[in-house]
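The values are calculated or read from the model by the stated rules, or taken from the named source; none is laboratory data. Quick caveat, the model's predicted, so the values are computed rather than measured. Every residue, glycine among them, receives a Cβ derived from its backbone with ideal geometry; neighbour counts consider all protein chains shown. Heavy atoms of the whole protein, side chains included, go into the accessibility calculation; ligands, DNA and RNA do not. Shrake-Rupley method; radii C 1.70, N 1.55, O 1.52, S 1.80 Å.
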Amino acid sequence: MWPLLPLAAAVIATPATQPATPPPQDQPATTRASVQPVVTPYPSAAAGNGSTVDGYSLSRWAEDWSALCHADEQGDPIDRLKCISFDPDHRTYLTLSGEVRLRVNHTTNPNLRDAPAQRQDIRRLVAGADLHLGPNLRVFGEIAHGGISGVNLGAPPATLRNEIAVQQLFVEGDADVGGVDVGLRYGRQEFTDGPGLLVSQRDNNTIRYTLNGWRAWARGSKVRIDLFDFRPTQYGDLSAADDEPDPERRFSGITAGIVLPERWFGGSRLYLDPFLWRRRNRVGTWGGRVGPATRHFLGARLWGTAGRLTMDWTVNRQWGRFMEQDIDAWQVFLAQTWRVAPARSAPTVGIHLDYASGGGGYGEGNLRNAYTPFGSNIYYSYGLFLMPSNLIAVSPNVTLSPVKRLRLTAEYELAWRATVHDAVYRANGQPFAGTQDVAQARVGNLARLQAVWTITPRLTMTGRYEHFAAGPALTQAGYRSSDFMATWLSFRF
């Protein structure tokens, strides 16, 4: 890995243009024409900060509202919160942000057991402040509240019920060094520099997944390099004082990025992001065993657009050691959609094909169960019934906008185990007990529908429905099918 750094530095300042990318699958688009994401020499949409659409991002620090500082009129009162200037030249200014999300989840046969339905009434309140101290220094802070009530709740985790949490708090500085943007961010922060199935904010939670540590980067116009070393936040549920870096887990590594030539495939905006990561966990769990685990991830992501084709392909090899077992695992994620007509509003059809190796979870031979550091598992099941470990999934889908500001997506997923000699694993990494003894490959089928209505640029309503038809790998171990329904209203400013 390290011998590649001088080579990358030699080509990092070559020129490129800046493309735009579509929003991720679980992020509703907006129609507000305001400002662009933070501009760096490297295309900002591919800099590993998540997607920003019409000024808004899931990670609010990725937004740049500096254009409003220089606008003749700042528009409505909320626009005025985006640039509270402290000097005539607007070099020092404050940007305020926030979110209110009201959500209801309804799940039949929770945990795929024959049990009364669960209803979760969930509230999210977030407030953030981004203080810019000149063009090269900033401090960002964000607090969040998570509330939950309902029926058959069990014991909600601190990511769903939390009186107050410091969700993010970091200081960031950068400088132009010979045409290369060099920077460092230190503190509690969201990290999304990689495929969403491997690293994600987990916006499905009320309190986001965050990490504590540092991230450094060097970004030219065609090549970038990011280094990081983090410990995940271990949330309590009472006050901001009980949210601490997890002493048992650590995530570190390097991610690079390369802008591929636009002339490929008759005109494209494609990126290649190789990565080498390490995840250490002193209390790793497989098959009911708890012990130390170190897992390395070596892979690459090819993603972007080529004409009407949008693609997101990832391959990664995993190795290391869990207790007395060597780790030997693979994951392959191939997602692509095709817009059926040139117009950007035209329907798209697509399919994602995913493979995650399995085996050895109960101590036999090498541990071949693939794992994700903190990916977005709603990609496989909104009810959080599946994860990319010991899994093969084939999922055709279609997305269309029958009327302006309304987007509908339908998908049908077929899922199998990669090996019948290991369990079916749910989204939290725990096995469905008993499935390791069932000699059936088919896990089940999922039919789901999502509707996103952009009522205003700041206000969206989302509805989701999923029917999980459990297959013999689950039913022969006593598990049932389930329906999941959710709707929520989100206001962001």
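Annotation: Y186 carries an accessible surface of approximately 140 Å², with a 1.4 Å probe and no ligand, DNA or RNA atoms counted.
Counting heavy atoms of the protein chains alone, S401 has an accessible area of about 60 Å² for a 1.4 Å probe.
Selection among Y412, G383, F493 by position relative to the dipole of region 366-493 gives F493 as farthest towards the positive end (Cβ unit charges, Cα centre). Ranked from largest to smallest solvent-accessible area, with a 1.4 Å probe on the protein heavy atoms, D437, D242, D79, D326 come out as D437, D326, D242, D79. Over region 34-162, accessible surface divided per residue gives 43 Å², non-protein components excluded, 1.4 Å probe. At a probe radius of 1.4 angstrom, the accessible area of region 356-493 per residue rounds to 36 square angstrom.
Once the Cβ-Cβ distance of Y186 and A346 is raised to the sixth power relative to R0 = 35 Å, the FRET efficiency obtained is 0.20. With viscosity 1.306 mPa s and temperature 10 °C, the Kirkwood radius over alpha carbon pairs of region 226-266 converts through Stokes-Einstein to a diffusion coefficient of 116 µm²/s. Where only DSSP H runs of four or more residues are counted, the chain gives -500 deg cm²/dmol as its mean residue ellipticity at 222 nm, each run worth -39500 (n - 2.57). Summed over the residues of region 196-246 and divided among them, the accessible surface reaches 31 Å² per residue at a probe radius of 1.4 Å. If R0 is taken as 30 Å, the Cβ-Cβ distance between L169 and A71 corresponds to a FRET efficiency of 0.55. Summing Cβ point charges (Lys, Arg +1; Asp, Glu -1) relative to the Cα centre of the chain gives a dipole of roughly 820 debye.
Using the Cβ-Cβ distance between Q430 and S252 with R0 set to 22 Å, the FRET efficiency from 1/(1 + (r/R0)^6) comes to roughly 0.30. Sequence-ordered 3J(HN,Hα) estimates for region 442-447 from the Karplus curve with 6.51, -1.76 and 1.60 and θ = phi - 60° stand at 6, 7, x, 10, 10, 10 Hz, glycine and proline given as x. Please list log₁₀ I(q)/I(0) at q = 0.08, 0.10, 0.11, 0.14 Å⁻¹ for the chain, using the Debye equation with identical point scatterers on the alpha-carbon positions. For the requested q values the scattering log ratios are -0.49, -0.80, -0.98, -1.71. DSSP bridge analysis restricted to region 299-395 gives an antiparallel fraction near 95%, rounded to the nearest 5. Just the protein heavy atoms count here, and of the accessible area of region 219-266 at 1.4 Å, carbon and sulfur take up 56 percent.
For the set H352, H132, solvent exposure ranked by accessible area (probe 1.4 Å, protein chains only) runs largest to smallest as H132, H352.
Straightening the chain between W214 and T294 buys 26.8 nm, computed as 0.36 nm per residue apart minus the Cα-Cα spacing. Here region 335-417 is treated with +1 on each Lys and Arg Cβ and -1 on each Asp and Glu Cβ, and its dipole about the Cα centre works out to around 480 debye. For the chain, the residue among Y93, S401, V223 whose Cα projects farthest onto the positive side of the dipole built from Cβ charges is S401. Summary: within the chain, the longest segment free of trypsin sites (Lys or Arg not before Pro) located in DSSP loops with at most 12 other C-beta atoms within 10 Å is 114-262.
Summary of the geometry: region 272-295 and region 398-458, compared by the centres of their Cα atoms, lie 24 Å apart.
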